[in-house]
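Participant: Here it is, the structure in full.
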Amino acid sequence: MLPSPLLSARNLAIGFSPKQTLARDLSLDLLPGEIIFLLGRNGVGKSTLLRTLAGLRAPLSGTISYGSQEIESLSAKAKAKYRAVLFPTQLKSPTRVRELVSLGRLPYADWSGQISRHDQEEIDRSLLAVGCGDWNDRWVDQLSDGEKQRVLLAKTIAQGTSILLLDEPTAFIDLPQRMELAKVLKRWARQAGRGVILSTHDLDLAMATADQIWILESGGSWTSGIPEELAMSGTLGRVFESPEATIDRATGRLIWCQTGGPTVTVIGHGPWHDWTIRALIRAGYQIHDRSEVVIRVGSSLEGASPWSLSIGLQTEDIRSLAELLRVLNQKHPA
Amino acid sequence: MSQRLRRDASSFMLLLLSAMLLALVAISLTAGSVTIPLRDLWSILQGTPSSDPVFQTIVWEVRLPRMLVALLAGAALSAAGLAMQTLFRNPLAGPYVLGVDAGASLGVALVTLSVGAGKESFLATVGLWSGMGRLLAATIGAAGALGVVMLVAARVGSDLTILIVGLLMSYFVSGLIGFLIYQAEPESSQRYLLWTFGSFDNIPWPSLFLLAGAVLVGISLIFLLVKGMDALLLGEESAESLGIAVRSTRWGLVVGSSLLAAAVTATCGPIGFIGVAVPHLSRWVMRSSIHRILMPATILLGAMVALIADLIARGSAGNTPMPINVVTSLFGAPLLLVLVLNRREARW
């Protein structure tokens, strides 16, 4: 039997008014320990869905429950102790890291915002969890975007809730830091059976990290599933493919698609073969089984010329990938 | 620094500021064209009959009311400025962003510049009634502006809209005032102009009590909302997600600051600069953006800055003190500039 969900939505319709419905008939569950990625093109209502699930915006119809309780029955404070939300935030006032993180404990503070020793320990723990345990006195406006995002995440974690709802937490931060962030979130969720829902445009990160992916499509329909199933069933392709890009079914990655370019045949195997294909696609060539232009790729860099280029009967040895593209562009331009 | 140490440092700083304010109060009462010894001051304040009657008159009728007005006005404008800067997340916001000063100015302009300059007209009669008439007109004008702001705040959902409404109201009103000045006689224009310079002088005790009451209510209202103001540092949506009732917090801050600005403007004229500058000074002194700490510091610093400005105004030119707004701008602006340029570690 599945554990009971931390958050569940039934027959949810979201949007600004019945005439401006963004999505309908959403039925979703967030299970303990899970991290869910919410994907979709711009404007399909990812942010609206997160705000609705957070109880900050009323659904047009349907119900949302936190555990066994429907959110309409919960006070603003009770909600603040069950779920924490991270919106794209621009800080205007100069603030120290610890003060900023301490704002996450406001639901537990007295009328003046005074917090207890226990709250201070929670702040210590969440700073440690995101790997900035000794940043207490740093000024937030002097941090890089990635560091700022970590501190904001610490503030969100400090709220001590069962679930986190994060709106595009990976925007503006570099690739290693995204991985790091995903790792922190995964650890946070697994440790105590908590759950995370985050919206992002980062398909690669979602494929590598998500326990489940929820996809909102324009027109208001939605799909959910584990990353691999969505890739195999072609759902990812349907949502994200465009004339310029296609989803590679083998890897679930978005790749450029070129149509109408000249064809080349590539023979060989191993990593050098794969990278050669990538370079050729990037340069505007189409890979074809039987082209008059044939490129052979050696399996290693040993030997002077790992590549050879044959056009008709003429064959030429080539030393580097860059040279290959240059020569090809001269004799067989894309 | 450990959290314990930090809390102690904040408390110590607040204590220090209080002591400095007390010293300024004493200086303000004793120093001037006639120096009153501290010992005499104490007995005068206690109402001992044996003290010098001239000293008694100076303290009770001139210096004490002026000192209290300056202290209240400085504290009120600074607290209102802090509330507005936090609410609108804008370092340039101040107590007058919502146009309360414009309302008060219009009231005063109407009585001092009285249309048509018919000497027998009711408005002119009120105008000739000098201080009290001006006070009444400013209060009605400020209350009118406050009413408009509250009406808007109750209807619209966005802080920015409130800000824009306040700004537009100010423009509109200054247009009206410009028209009145254009029509008025030179003497009455000058009287109006003098009012806009701001003054802590010649405030009768009843209006001082009124000011004190309004300041107490306004500051208490804002003080009750310090937690909500902390949350607003993250933006409205995040504040709401932290369980803060954003709508009522906004309502309270708008009403509280407008009340403070209205009371001060009606009593002393539009006092510029203090309300915008002191919150920054306070953040710099306390090195914090938590309002539980900032609010008391801002109130203390606001009172101190107003007292210092008053001392400079009086000390500079013998019997005719400089207008307060001249002092705050001439001395305050360069000081704040130095502060902002040197403040590497914390900038807006």
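Participant: Can you work out which of the residues in the range A:134-150 that are within 14 Å of chain B (Cβ to nearest Cβ) and in a loop (DSSP other than H, G, I, E, B) is farthest from the chain's Cα centre (by Cα)?
Facilitator: A:Asp137
Participant: Sticking with this structure for a sec: So in the range B:1-35, with the set limited to residues that are within 14 Å of chain A (Cβ to nearest Cβ) and open to solvent by 80 Å² or more (accessible area, probe 1.4 Å), which one is modelled with the lowest pLDDT?
Facilitator: Filtering the range B:1-35 for residues that are within 14 Å of chain A (Cβ to nearest Cβ) and open to solvent by 80 Å² or more (accessible area, probe 1.4 Å), the one modelled with the lowest pLDDT comes out as B:Met1.
Participant: I've got another one for you. Please find, within the range A:77-132, the residue that is farthest from A:Gly160 (Cα to Cα) out of those that are touching a residue at least 60 places away in the same chain (Cβ under 8 Å) and aromatic (Phe, Trp, Tyr). Break it down into steps so the answer makes sense when it comes.
Facilitator: We begin by selecting, within the range A:77-132, every residue touching a residue at least 60 places away in the same chain (Cβ under 8 Å); these are A:80-89.
Adding the requirement that they be aromatic (Phe, Trp, Tyr) leaves A:82, A:87.
Details: A:Tyr82: 8, A:Phe87: 17 Å.
Only one residue tops the list, namely A:Phe87.
Participant: Restricting attention to the range A:90-123, and to residues there that are surrounded by fewer than 16 Cβ atoms within 10 Å (Cβ to Cβ) and more than 7 Å from chain B (Cβ to nearest Cβ), which single residue is farthest from A:Ala78 (Cα to Cα)?
Facilitator: My answer is A:Gln90.
Participant: I need a count of the residues in the range B:228-237 that are crowded, with 24+ Cβ neighbours inside 10 Å and at the interface with chain A (Cβ under 7 Å from one of its Cβ atoms).
Facilitator: Here the count works out to 3.
Participant: Something else: Just to confirm my filter: which strands (runs of 3 or more DSSP E) fall fully inside the range A:216-277 and include at least 3 residues that are modelled with pLDDT of 80 or more and surrounded by 13 or more Cβ atoms within 10 Å (Cβ to Cβ)?
Facilitator: Details: elements: A:222-225, A:245-248, A:253-256, A:263-267.
Filter on the range A:216-277 gives A:222-225, A:263-267.
Participant: From the residues in the range B:253-287 that are within 14 Å of chain A (Cβ to nearest Cβ) and open to solvent by 10 Å² or more (accessible area, probe 1.4 Å), which one is nearest to B:Ala153 (Cα to Cα)?
Facilitator: B:His280
Participant: Just a yes or no: is a residue in the range A:100-123 part of a loop (DSSP other than H, G, I, E, B), under 20 Å from the mean Cα position of the chain (by Cα), at pLDDT 90 or above and acidic (Asp, Glu)?
Facilitator: First, pick out the residues of the range A:100-123 that are part of a loop (DSSP other than H, G, I, E, B): A:109-116.
From what's left, under 20 Å from the mean Cα position of the chain (by Cα): none.
Within the range A:100-123, not a single residue is part of a loop (DSSP other than H, G, I, E, B), under 20 Å from the mean Cα position of the chain (by Cα), at pLDDT 90 or above and acidic (Asp, Glu).
Participant: Of all residues in the range B:36-56, count the ones that are part of a helix (DSSP H, G or I) and either among the aliphatic types (A, V, I, L, M) or surrounded by 12 or more Cβ atoms within 10 Å (Cβ to Cβ) (or both).
Facilitator: 10
Participant: A follow-up question, please. Among the residues of the range A:205-214, are any over 19 Å from the mean Cα position of the chain (by Cα) and touching a residue at least 12 places away in the same chain (Cβ under 8 Å)?
Facilitator: No; the residues of the range A:205-214 include none that is over 19 Å from the mean Cα position of the chain (by Cα) and touching a residue at least 12 places away in the same chain (Cβ under 8 Å).
Participant: Here are some residues: A:Gly43, A:Gly62, A:Gly67. Which one is touching a residue at least 12 places away in the same chain (Cβ under 8 Å) and open to solvent by 50 Å² or more (accessible area, probe 1.4 Å)?
Facilitator: Criteria check complete, one pass: A:Gly43.
Participant: Check the range B:203-223 and report whether any residue there is modelled with pLDDT under 90, more than 14 Å from chain A (Cβ to nearest Cβ), open to solvent by 10 Å² or more (accessible area, probe 1.4 Å) and not in a helix (DSSP H, G or I).
Facilitator: yes
Participant: Also, quick follow-up: With the structure loaded, tell me whether A:Leu38 is away from chain B (no Cβ under 12 Å) and under 30 Å from A:Asp145 (Cβ atoms) or whether it fails that test.
Facilitator: Details: away from chain B (no Cβ under 12 Å): yes; under 30 Å from A:Asp145 (Cβ atoms): yes.
Yes.
Participant: Quick one: count up the residues across the range B:58-112 that are surrounded by fewer than 21 Cβ atoms within 10 Å (Cβ to Cβ), within 14 Å of chain A (Cβ to nearest Cβ) and of a type in the set (A, V, I, L, M).
Facilitator: Of the residues in the range B:58-112, 1 are surrounded by fewer than 21 Cβ atoms within 10 Å (Cβ to Cβ), within 14 Å of chain A (Cβ to nearest Cβ) and of a type in the set (A, V, I, L, M).
The values are calculated or read from the model by the stated rules, or taken from the named source; none is laboratory data. Treat the numbers as computed from the prediction; the structure is a model and nothing was measured. Using ideal geometry, Cβ is built from the backbone for each residue, glycine included, and neighbour counts are taken over all protein chains shown. Protein only, heavy atoms only, side chains kept; ligands, DNA and RNA dropped before computing areas. Shrake-Rupley method; radii C 1.70, N 1.55, O 1.52, S 1.80 Å.
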